[in-house]
1. Suppose we keep only residues that are part of a strand (DSSP E or B) and of a type in the set (A, V, I, L, M, F, W, C) within the stretch 245-271. Which one would you say is farthest from Ala214 (Cα to Cα)?
2. Mind checking which residues of the stretch 261-279 are farther than 20 Å from Met32 by Cβ and modelled with pLDDT of 95 or more?
3. So Phe122 clears everything in (1) free of Cβ contacts under 8 Å to residues at least 12 places away in the same chain; (2) closer than 30 Å to Pro72 by Cβ except one condition, right? Which one?
4. If you go through the stretch 97-106 one residue at a time, do you hit one that is of a type in the set (D, E, K, R), in contact (Cβ under 8 Å) with a residue 24 or more places away in the chain, within 26 Å of Ala214 (Cα to Cα) and not in a strand (DSSP E or B)?
5. In the stretch 227-246, how many are surrounded by fewer than 16 Cβ atoms within 10 Å (Cβ to Cβ), touching a Ser or Thr at 6+ places or on another chain (Cβ under 9 Å) and over 18 Å from Ser163 (Cβ atoms)?
6. Applying the selection to the stretch 188-244, what residues are hydroxyl-bearing (Ser, Thr, Tyr) and assigned to a strand (DSSP E or B)?
7. Could you grab me the full set of residues in the stretch 172-185 that are among the acidic types (Asp, Glu) and crowded, with 21+ Cβ neighbours inside 10 Å?
8. State the number of residues belonging to the stretch 54-78 that are assigned to a helix (DSSP H, G or I) and either in contact (Cβ under 8 Å) with a residue 24 or more places away in the chain or hydroxyl-bearing (Ser, Thr, Tyr) (or both).
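The values are calculated or read from the model by the stated rules, or taken from the named source; none is laboratory data. Keep in mind that what you see is a predicted model, and the values were worked out from it rather than measured. Neighbour counts are summed over all protein chains in view; Cβ atoms, including those assigned to glycine, are modelled from backbone coordinates with ideal geometry.
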Amino acid sequence: MKIRVLGSGAGGGFPQWNCNCNNCRRIRRKEMNGRARTQSSIAVSTDQANWLLINASPDIRAQLEAFPAIQPKQGVRDTGIRAILLIDSQIDHTTGLLMLREGRPLEIYCTEMVRQDLTTGFPVFNMLAHYCTVNHHPVPTDGGSFTIPGIHDLRFYTQALKSKAPPYSPHRHDPHEGDNIGLIIEQISTGKKLFYSPGLGEIEPHVLEAMLQADCVMVDGTFWTDEEMCTQQISHKKAREIGHLPQSGEGGMIEVLNSVAKARKLLIHINNTNPILDDDSAERKQLDACGIEVAYDGLEIDL
C-alpha cells in the first residue's frame, strides 16, 4: 500500500493567509526551520495508477500538480483519481470537490449525515450536479467493511467518532453518528493496516483498539495544548471544545500514542499555531524522543 500525504496542515494551511502568529510570521521571514503546509488530505493506492483520494481540500489543485503519479496519462482528459472518500463535511475537507468539476462523474463515498450536509447547509453536491455530477456511495458507521471498484486489493472499515457537525450543518447542535468517521484501510493481500483520523477529539475504546491493530497510525495533530488558541489570543475556544485532542498533557495524544507500540505513528492536520511546526522546537524534540513523526506535504509511506 502506498500512502501519499497531499496536505498536512489544518484549515487555513501554514502559513495561514491572514495570520501573524509566531509561526506564520517566522516562516514567512525564513527565520524558522520548518515547512509550509497545505490543508490536509491523503491518497492511497496499491498499483500507483488507481488512487483513492481521502478528503478534497481547498488546496487540491496545487496538491495534484505536485504529485505526478495521479496526473493525466491517457487521453485528453484523465486522472488517477478513481474515487473520493470524505471523513466529514468540513469546509477544509470538501471545498476541493468544486475544483474537480471539469471531469467525469465523481464517485464519492461518505456517510448519510455527510451527504445530507453537502446537499443542504453546504450544497456542494447540488452545485456539482450542474457540472460533472456526483455518484454517492454510502459507507457504514458500525465498523463494517466495504471495497471500492477500481481501488485494488484494499478493504475499508469506518468507525463513527464523537464529534460535532460543521457550523453550517442543519444538525450542528444535534450530533449524529456519522458526522465524523475514523478510517481503517487494510491491504487484503498482506493484512497491513492504516488507521487515519485527522479530526479526533476523544479516544473511545473502539478507536484505541483500531490504533493498536494498525501498522501505521496517522491521527489528529492540530494543537499542542488545550489552551493554544486562547493563549495566542486567536480564539476563546479550547482544543477539546472544537473536537481536537491536544498532544501534550494528561490524556493527550502523546500519552495515547506511547501506548501504541508496534505502529509507525504520525501526526497530521497541524494547526499554524502548533510549535511542532518548528523542527528545532523543544516540543518537536519531545515527539522525536517518543518516536512520533510529524507529517509533511509530499511524504510517501509504503506499508
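1. Applying the first criterion (part of a strand (DSSP E or B)) to the stretch 245-271 yields 264-268, 270.
Narrowing the set further to residues that are of a type in the set (A, V, I, L, M, F, W, C) leaves 266-268, 270.
Details: Leu266: 12, Leu267: 15, Ile268: 16, Ile270: 21 Å.
Once the filter is applied, the top-ranked residue is Ile270.
2. Restricting attention to the stretch 261-279, the residues satisfying the condition of being farther than 20 Å from Met32 by Cβ are 261-266.
Matches in the stretch 261-279: Ala263, Arg264, Lys265, Leu266.
3. In the conditions (1) free of Cβ contacts under 8 Å to residues at least 12 places away in the same chain; (2) closer than 30 Å to Pro72 by Cβ, Phe122 misses (1) alone.
4. Restricting attention to the stretch 97-106, the residues satisfying the condition of being of a type in the set (D, E, K, R) are 101-102, 104.
With the extra rule that they be in contact (Cβ under 8 Å) with a residue 24 or more places away in the chain, the set shrinks to 101-102, 104.
Imposing the further condition that a residue be within 26 Å of Ala214 (Cα to Cα) reduces the set to none.
Within the stretch 97-106 (the criterion being of a type in the set (D, E, K, R), in contact (Cβ under 8 Å) with a residue 24 or more places away in the chain, within 26 Å of Ala214 (Cα to Cα) and not in a strand (DSSP E or B)), the answer is no, since none of the residues qualifies.
5. Summing the residues that are surrounded by fewer than 16 Cβ atoms within 10 Å (Cβ to Cβ), touching a Ser or Thr at 6+ places or on another chain (Cβ under 9 Å) and over 18 Å from Ser163 (Cβ atoms) in the stretch 227-246 gives 3.
6. Of the stretch 188-244, the ones hydroxyl-bearing (Ser, Thr, Tyr) are 189-190, 196-197, 222, 225, 231, 235.
Tyr196, Ser197, listed by residue number.
7. Step one: list which residues in the stretch 172-185 are among the acidic types (Asp, Glu), which gives 174, 177, 179.
Of everything in the stretch 172-185, just one residue is among the acidic types (Asp, Glu) and crowded, with 21+ Cβ neighbours inside 10 Å, namely Asp179.
8. Taking the stretch 54-78 first, the residues assigned to a helix (DSSP H, G or I) are 60-65, 68-70.
From the residues that got through so far, the ones that are either in contact (Cβ under 8 Å) with a residue 24 or more places away in the chain or hydroxyl-bearing (Ser, Thr, Tyr) (or both) too are 60-64, 69-70.
Qualifying residue count, the stretch 54-78: 7.
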